[in-house]
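Only the coordinates and a few stated rules stand behind these numbers; no lab work does. What you see is a predicted model, and the numbers here were worked out from it, not measured in a lab. All Cβ positions, glycine included, derive from the backbone under ideal geometry; neighbour counts span all protein chains shown.
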Amino acid sequence: MNTLSHLTQQQKDTLYAQAHEAVGAFQFDESVVAVFPDMIQRSVPGYQTILTGIGELTKKYAQNSTKLYDLGCSLGAATLTMRRSIESKSCEIIAIDNSEAMIQRAQEYLHAYHSEIPVHLHCADMTKVPIENASVVVINFTLQFIDPEQREQLLTTIYQGLNPGGILILSEKIHFEDKALQESIEYMHLQFKRANGYSELEISQKRSSLENVLISDTEHTHLERFKKVGFKTSGIWFQAYNFSSFIAIK
Ligand code: GEK
């Protein structure tokens, strides 16, 4: 079940339905916040399954008296899933997003449910946030928006802030070195968006707006980076077309 859909009116994403004279760079502003649950579900194959998996992994990896982080939390879907799934004692969740509009709306959602587990929501750049005493760190489709030059340092900070036995769950859009493979898997994703009601105009304008904003890595780059920063165990636990979710265990 989508945690947010029955709270929101599920406002439909029509941001790119009309032709724009010039398509600006994609921004996580109020207009995106209003349609975000619909947008992410119609654009990211496997999004719900990944949220369910985050819940299961939280159950298994959250340790007593530790912190769980949701970096790039948007409206807090992963935070809500984690909060419902924690079985360990005295945990707290730190949820970070650098969009004020997202954080404000996430606050409303989180208040709508009762829980004994504290959640601290901060409007901040996730590359500047200290990570400490962590048992679970989630980055669900956000590393792809971070400057590629800063990604290794961020993962190093996370590795150092994780306790032994702690887990990083990282979901990303990926691309493939092999041109033919890239083409056919991208085609599958396009078909997914078409089947979810996006027009050719919407698809092409959204693609232009994300150019130079969403910069994907390959599976190989992700796995090598996990190794480089110190993770001994890492791999993909879920993939739908060009969208993958990795785990890395300390
Ligand atoms: C979910 N995790 O529903 N620091 C903090 N936040 C950032 C930064 C940054 N430097 N850059 C971008 N963001 C969510 C979905 S959406 C994915 C994550 C998508 C934030 C940005 O404001 C947005 O809310 C989020 O990262 C990415 O499970 O829209 O494709």
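Data for the structure
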| quantity | calculated |
| --- | --- |
| Between 0 and 90°, nearest 10: helix 179-195 axis offset from the chain longest Cα axis | 80 degrees |
| Tail fraction, Cα-Cα pairs, the range 101-163, threshold 17 Å, whole percent | 52 percent |
| Per-selection metrics, the chain (Cα): Rg and Dmax in Å | 17.6, 54 |
| Note, ³J(HN,Hα) from phi for the range 214-223, Karplus 6.51, -1.76, 1.60, rounded to Hz, x at Gly and Pro | 9, 10, 7, 10, 8, 4, 4, 4, 4, 5 |
| Nearest 10 degrees, 0 to 90: helix 30-43 Cα axis against the chain principal axis | 90 degrees |
| Percent of beta bridges antiparallel (DSSP, the chain, rounded to nearest 5) | 40 percent |
| ³J(HN,Hα) computed for each position of the range 109-119 - Karplus, 6.51 cos²θ - 1.76 cosθ + 1.60, integer Hz, glycine/proline x | 4, 5, 5, 5, 10, 8, 7, 7, 7, x, 10 |
| Mean-position separation - Cα centroids, the range 206-250 and the range 35-55, in angstrom | 17 Å |
| Across 12/89; 128/173; 128/228; 89/193, pairs whose alpha-carbon gap is larger than 32 Å | 12/89; 89/193 |
| Cα centre as origin, Lys/Arg/Asp/Glu Cβ charges: the range 149-244 dipole, Debye | 280 debye |
| Value at 222 nm in deg cm²/dmol, rounded to 500, when DSSP H runs of n ≥ 4 in the chain each add -39,500 (n - 2.57) | -13000 deg cm²/dmol |
| Burial order of peptide ranges 93-104, 75-86, 142-153 (average beta-carbon count within 10 Å, highest first) | 75-86, 93-104, 142-153 |
| Under-5 Å amide H pairs with residue 136, H placed in peptide plane, nonlocal only | 69, 167 |
